[in-house]
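One structure below.
Each value in this text was obtained by applying a stated rule to the coordinates, not by laboratory testing. Nothing here was measured: the structure is a model prediction, and the numbers come from that model. Here Cβ is always computed from backbone atoms with ideal geometry, including for glycine, and neighbour counts include all displayed protein chains.
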Amino acid sequence: MKNGICPMCQSNEVYMTDDNNNLGEEGMLMFYGYVDREMGAYASDLYVCLTCGYMALFATPTVLKGKHKELTFLKEARDWKKVV
Ligand SMILES: [Zn+2]
């Protein structure tokens, strides 16, 4: 999906939300992770195939009040667990 090709129908008519996307109340679908007093904040990029309607969400680290953590930060975050 991120390469511009829909995994369902192989169309190249894939569009995504930009930095000022319209997901959620604050403009981004946000979620968080916490390790001790550190916080990682993440937004979501939504990809939509205009041909078949397939949608995919991808998490992306974001800057929120000066905090910025990579996705791997969630390995140590409380309230997050690996799917096994
Ligand atoms: Zn498609």
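If I model a spin label at TYR15 and CYS52 as a point 7 Å from the Cα along the Cα→Cβ vector, what separation in nanometres do I get?
About 1.9 nm separates the two model spin labels.
Consider a paramagnetic label point 7 Å from the Cα of ASN3 along Cα→Cβ; state which residues of the range 27-62 have an amide N under 11 Å from it.
From the range 27-62, the list is empty.
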